[in-house]
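Quick notes on the structure that follows.
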Ligand code: MSP
């Protein structure tokens, strides 16, 4: 069998199973989904992975409090998370859970290999431990008055023997790697943050175990069964365990499997939030290097969402519930807003008012109105029939398509939507300028009206194609209303001139119904 071409491999962070899905989780998946869909539309084969992080102290505690086994507890929550992903119309190819045997096997194989090479050793550890954050703290983590931030919960002093991964020895190599690969962490200021850390602080070896007596809900360490693997080492390996368990030859040194039908490794793009940058840009590449595996091409780091200028917090009720928004406004209104509002990188702020304004101005009055009136006029004046082909808006459409494609190739999603809207706005302006409703009253203008109606309908069709990665349902609805055969999911269909003479379009159905009521709170 001939070797397969490597798939474009994109991942999101895996969410803590015991948290509830919120705006931040939704945003990250939508960003990754748009990029995955864009690559597919542009003709690439894509492997898109998301999933859940299920081990650790908090899960063990929560399950015990409910009188459940951790596995049953995780299974219940995982169902909710999976339906959350579906609700957002995320096109992931797989969903990994760190409790799955396929993942556990790879974690164990990796630990065994690193241990065999002398990269893992045992040593005593004394330190301040936050059970809530599952992390040892140092004096640097103390507040100015010497206490600990309440986010850490109860902090206690612990001394115990643990297993360590020799991470520190790779510090200089990693700093050099980041210097030589400026694209490795994006945006640039996040790369500088990592470099700043590597240049000014000493990278310690990483504690990768917890005694099973204290924490049983984890993957047993194969060479020390009285220990379980520490959560970050476990969690990061999810990105590797899926390709490895599928037999990707690039990961055969860990899995022992070689199937030439799978070519996924390494990740092309790993989408994460800024709070987990160090784990992904420091621990992770070092783990891979030590294991002799190739590194991801890029870590794409997004910012944090706030609501009304404040941290989202369940205790104060200051949260945005993505599912409630999707139920009230539709999944595409939500997908559109988060990406149009916030560029991938800086922090963002959700306001209900801002959401409503963009919905009304850009979706209902902008895109929705364009499609609705274009199709209505075509129905009303020509019974939906295309009478001529015209190129009056072809250049505008081509410019917009080229601009959107460029943005998508550079993961500039906010700018990509802005580039789509140059065509939405141009076509709406074209209606005002050409006044088809006036042309329709003058039989001498019948030919001109045919042209105008073509340009409008064809612009709507092109828009469906370029919108598909962002708001796929809407794109498909536009194609259905136009009664175009074929898919808006293929970028090549964005070429002007798809609608042919004699084609009959369907009835318009509002894409984004106007809502004059305030958001339900
Ligand atoms: N389980 C770890 C990640 C392990 S990856 C090998 C974790 N889980 S999390 O549920 O806390 O966060 C999952 C993702 O959501 C992270 O990328 C995180 O940055 C992102 N977000 C969590 N809150 C967020 C906001 N308020 N805004 C934007 N994204 C945020 O960390």
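Computed from the coordinates by the stated procedures, all read-outs in this text should not be read as laboratory data. Owing to the predicted nature of the structure, the values given are computational and were not obtained by experimental measurement. Please note: Cβ atoms are built from the backbone with ideal geometry, for glycine as well, and neighbour counts cover all protein chains shown.
Indicate the gyration tensor shape class of region 8-302 (rounded, prolate or oblate), computed on the Cα atoms with a ≥ b ≥ c the square roots of the eigenvalues: a/c under 1.5 is rounded; otherwise a/b larger than b/c is prolate and the rest oblate. Write out the running numbers ahead of the final one.
Values: a/c = 1.32, a/b = 1.19, b/c = 1.11.
Judged from the Cα gyration tensor, region 8-302 comes out rounded (a/c under 1.5).
Computed from the C-beta positions of residue 177 and residue 156 and an R0 of 25 Å, the FRET efficiency is 0.10 to the nearest 0.05. At q = 0.17, 0.23, 0.24 Å⁻¹ the log10 of I(q)/I(0) for region 93-155 amounts to -0.83, -0.91, -0.93, computed by Debye summation with a single uniform scatterer per C-alpha, solvent ignored.
A straight chain from residue 289 to residue 347 at 0.36 nm per residue would run longer than the Cα-Cα distance by 17.7 nm.
Based on alpha carbons, the Rg and Dmax found for region 350-494 are 15.4, 52 Å. Starting from a Cα-only point model with no solvent, please compute log10 I(q)/I(0) by Debye for region 287-396 at q = 0.09, 0.10, 0.17, 0.19 1/Å. Computed log10 I(q)/I(0) values: -0.47, -0.55, -0.93, -1.04.
Of the residues 420, 72, the one with the fewest other Cβ atoms within 10 Å heads the list, and the complete ranking is 72, 420. With 0.36 nm allotted per residue and the present C-alpha distance subtracted, the residue 365-residue 93 stretch has 94.4 nm of extension available.
Between the beta carbons of residue 125 and residue 501, assuming R0 = 60 Å, the FRET efficiency works out to 0.20 to the nearest 0.05.
Against the chain, whose longest principal axis is taken from its Cα atoms, helix 23-41 shows a tilt of about 60°.
Taking 35 Å as R0, compute the FRET efficiency from the Cβ-Cβ separation of residue 260 and residue 68 and round it to 0.05. Mind dumping the intermediate values first?
On the way: r = 43 Å, r/R0 = 1.22.
Efficiency for this residue pair is about 0.25.
Projected onto planes of every orientation and averaged, the convex hull of the alpha-carbon atoms in region 294-348 covers 5.5 nm². Across the chain, counting alpha-carbon atoms alone, Rg and Dmax equal 26.4, 92 Å. Here the simple spin-label model places points 7 Å from the Cα toward Cβ, and for residue 253 and residue 275 these points are separated by 3.4 nm.
Secondary structure note: in the chain, about 50% of the DSSP beta bridges are antiparallel. Were the residues from residue 143 through residue 473 laid out at 0.36 nm apart, the gain over their Cα-Cα distance would be 114.0 nm.
Where both residues lie in region 8-302, what percent of DSSP beta bridges are antiparallel, nearest 5? Numbers along the way, then the final one.
Working: 21 of 41 bridges.
Taking every DSSP beta bridge with both residues in region 8-302, the antiparallel ones total about 50 percent.
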